[in-house]
Amino acid sequence: MAQKKAGLPENAYTPLKEGEKYLPVIPASSSIAEITNRSVIAGLIMAVLFSFAAAYLGMKVGQVFEAAIPIAILAIGMSVLYKRKNTLLENVIIQSIGAASGAIVAGGIFVIPALYILDLNPSLLNTFVVTALGGMLGILFLIPLRKYFVADEHGNLPFPEATATTEILVTGESGGTQANVLVGSMLVGGLYDFMVEVIHLWDKHLSSAKLLMGLGERLADKAKMVFKLDALAALLGLGYIIGIKYSAIIVGGSVLSYLVMIPAFYFLGQHVPDIIYPGKQLISTMDEVMIFDTYVRPIGIGAIACAGIIGILKNGKIIVSSFGVGFREMAKSGGSSTVEKPERTNIDLSMKTIVIGSLIITVLLLVFFLTMTSVTISLVSLILILILCFLFTMVAARAIAIVGVNPVSGMTLVTLIISSVILVNIGLSGTQGMIIALLVGAVVCTSLSMSGAFITDLKIGYWLGSTPVNQEKYKFLGVIVSAISVSLAILLINEAFGFVLPSGVVNPDVPAPQGNLMAAIISSLMANEPVPWLLYGLGVIIAIMLEMVGVPPLAFALGMYLPIQLNVPLLVGGFIAWMVGRSSNNEKLARARKERGTLIASGFIAGGALMGVLGAVLHLDQIGSPVRFISVGINYVREGAIWASGDKAAWFVDYGQWISLVAFIGLCLYVYFEAKRASVDE
């Protein structure tokens with residue numbers, strides 16, 4: 001059947017009314033090319049390339065860029081290489097397979113470098129096994145929840161990352177006015193973030209300490225009370241897609257952390273002359289960033305963990321029913337063949353396959369740990385992995401669905417703490433204890449990273465009309481290839497540069513901040529140092545109170561855990577979306593404006609993501625001479641060599657915050673008025 005012109009339905013982003021059904025871009029009755037040699041090979045190539053790129057950049061700059069958006073753009077661009085243009089669903093498969101790279105990298109670089117940093121001599125086989133099996137567990141545990149997240153919660157969860165990628169794929173298919181809007185906003189957002197993040201023409205970190213001058217400085221100095229905002233186009237676009245409700249809840253968590261808890265801890269520190277664990281110095285000598293990282297962020301981690309458990313308990317019926325339906329299907333499949341077949345767009349891997357696959361991975365993990373330690377410790381490690389992977393699957397999927405950010409570091413920290421405490425109590429410590437705990441952490445970290453990333457793929461497929469079982473089958477292939485690539489990348493980077501210099505200090509060329517953090521934490525835990533249970537417990541109490549008053553605890557907890565400067569621009573974007581949605585009394589016109597704004601926001605996210613990758617590459621030393629020439633020129637501008645003379649340089653420094661504020665306001669006005677240019681006919 002011929003493929004119709006792409007275009008998202010009107011109810012793509014709104015909750016469905018009773019009896020209403022969402023019909024994807026490619027309806028279930030249509031059958032177009034989806035799994036082809038072209039889509040699979042291209043997806044695997046993307047997985048290899050982006051695994052190496054993301055792993056190196058992640059350990060270099062401490063950030064893992066989201067691969068889904070650039071892969072989607074490349075998938076569309078590759079169509080010109082063929083006589084037959086890629087179908088929309090082929091591009092979905094390319095994106096889904098290739099995006100496994102970002103998920104495996106995000107899971108791998110948090111833990112695996114710690115094995116090298118602590119000189120624990122991990123083998124290539126070990127790192128491949130934990131990342132591959134962890135990624136597969138994440139897929140298998142998520143599949144029974146697919147229908148709940150992508151269909152039952154349709155319109156209730158914003159899915160910002162999936163929205164941006166879907167808009168790119170649809171726009172690349174339909175072209176016309178929508179393509180112009182997307183490309184234009186990508187250029188605007190990308191250029192804006194390039195000037196801020198790469199060239200540093202003005203400050204991106206807006207701070208009340210500087211903008212409020214005397215008052216702000218006094219609040220920052222006397223109470224450590226600082227309000228911050230990262231003025232970036234990508235974050236503004238993300239907030240627009242998230243919307244006013246969730247962005248306000250997220251910022252509420254940040255306000256509690258930065259304007260209440262940090263000042264409270266600082267006040268306490270003025271009257272306590274001793275060092276308070278887990279701090280390494282007096283609170284009175286800390287700035288707001290150190291107080292946040294040391295005392296407040298652990299409270300956020302406790303809140304995230306509790307919010308995840310609350311989600312499991314609240315959705316227990318859904319989880320049980322998902323597995324129940326699957327087991328009933330297993331029973332029926334052995335008997336009559338007259339069982340009604342679901343629509344193409346609602347076919348998942350069978351529960352029989354999920355159960356058998358989970359059992360195989362469980363056995364492989366047990367055998368893997370038995371090669372290194374005793375039966376008792378292997379069984380305990382396996383039980384920890386299965387329980388934590390199952391619990392964190394819901395947390396990761398919901399976090400990605402709400403804010404587009406997976407709290408990988410927090411959940412990995414929880415995993416390391418729990419596993420280390422248990423392993424120490426059953427008699428394991430020292431070198432072997434660190435190895436086992438880190439490998440357990442690597443499996444769980446990769447699993448929850450994959451769960452969060454894969455729910456994005458499945459939501460994209462739901463909007464566009466992919467066959468879920470195809471995405472699920474070939475995601476496993478992407479995981480295997482990405483796990484091999486990431487393991488090789490980390491090994492080669494360690495061999496080439498070394499995460500630790502011979503002098504014992506961190507190598508500034510590849511600082512691997514997450515790996516060094518996990519190495520420091522696991523060393524302390526295996527030395528049987530105390531765990532800040534009180535701080536985690538405070539987070540648990542906050543999450544329970546939020547649930548009692550009807551505030552989504554996970555969104556609020558994410559706000560507590562993430563730096564405030566990343567969250568405030570989300571609220572700005574959400575407020576603009578709210579204003580655009582109420583800019584006309586004509587319901588159709590208001591909807592058209594809101595959708596045009598979503599396209600603009602998607603362009604901002606895509607442009608910002610691409611420029612972030614480019615900026616990171618331009619700041620590397622180990623790159624080719626043409627790119628180094630550009631990099632040198634950018635550094636020349638960035639460091640002020642062109643204008644660094646007399647009063648002009650001082651003027652730039654003094655007014656950089658105001659320049660940034662004016663530029664960011666201009667960006668907000670661009671989104672609002674450009675969105676209002678929409679017409680009902682678009």
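Compute the separation of the alpha-carbon centres of the stretch 144-213 and the stretch 654-680 and state it in Å as a whole number.
Rounded to whole Å, the Cα centres lie 15 Å apart.
For the pairs LYS204/LYS245; LYS85/LYS459; LYS17/LYS588; LYS21/LYS245, flag any whose C-alpha to C-alpha distance is greater than 22 Å.
Values: LYS204/LYS245 25 Å; LYS85/LYS459 24 Å; LYS17/LYS588 17 Å; LYS21/LYS245 24 Å.
LYS204/LYS245; LYS85/LYS459; LYS21/LYS245, as the Cα separations exceed 22 Å there.
May I ask you to compute the full-extension gain from LYS21 to ASN180, defined as 0.36 nm times their residue separation minus their alpha-carbon distance, rounded to one decimal in nm? The partial results should precede the final answer.
Details: separation 159, 0.36 × 159 = 57.24 nm, distance 3.03 nm.
Between LYS21 and ASN180, full extension yields an extra 54.2 nm.
What are the trypsin sites (Lys or Arg not before Pro) within the stretch 66-113 that DSSP puts in a loop, where the Cβ has at most 11 other Cβ atoms within 10 Å? All intermediate terms of the calculation are to be shown ahead of the outcome.
Values: sites: LYS83, ARG84, LYS85; in loops: LYS83, ARG84, LYS85.
Hits after loop and neighbour filter: LYS83, ARG84.
Provide the packing ranking of 88-95, 518-525, 112-119, i.e. peptides ordered by the mean count of other C-beta atoms within 10 Å per residue, highest first.
On the way: 88-95: 28.8, 518-525: 20.5, 112-119: 24.2.
In descending order of packing, they fall as 88-95, 112-119, 518-525.
Show the residues, 5+ positions off or on another chain, whose built amide H is closer than 5 Å to the amide H of VAL500.
ASN507
Give me log10 I(q)/I(0) at q = 0.11 Å⁻¹ for the stretch 114-180, Debye formula, one equal scatterer per alpha-carbon, no solvent.
Per q value, in the given order, log10 I(q)/I(0) is -0.57.
Among 128-135, 27-34, how do they line up from the highest to the lowest mean number of other beta-carbon atoms within 10 Å? Could you put the intermediate results ahead of the total?
Values: 128-135: 26.8, 27-34: 14.8.
Output ranking for 128-135, 27-34: 128-135, 27-34.
Give me the number: length gained by fully extending LEU492 to ILE426, i.e. 0.36 nm times residue separation minus the C-alpha to C-alpha distance, one decimal in nm. Mind dumping the intermediate values first?
Numbers: separation 66, 0.36 × 66 = 23.76 nm, distance 3.54 nm.
Using 0.36 nm per residue and subtracting the Cα-Cα distance, I get 20.2 nm.
Starting at the first residue of the stretch 182-193, write each ³J(HN,Hα) from the Karplus equation 6.51 cos²θ - 1.76 cosθ + 1.60 with θ = phi - 60°, in whole Hz, x for Gly and Pro.
With coefficients 6.51, -1.76 and 1.60, one gets 5, 5, x, 6, 4, 5, 5, x, x, 5, 4, 5 Hz.
Every read-out reported here was derived from the displayed coordinates using simple, explicitly stated rules and does not represent laboratory data. For clarity, every value in this text was computed on a predicted model and none was experimentally measured. All Cβ positions, glycine included, derive from the backbone under ideal geometry; neighbour counts span all protein chains shown.
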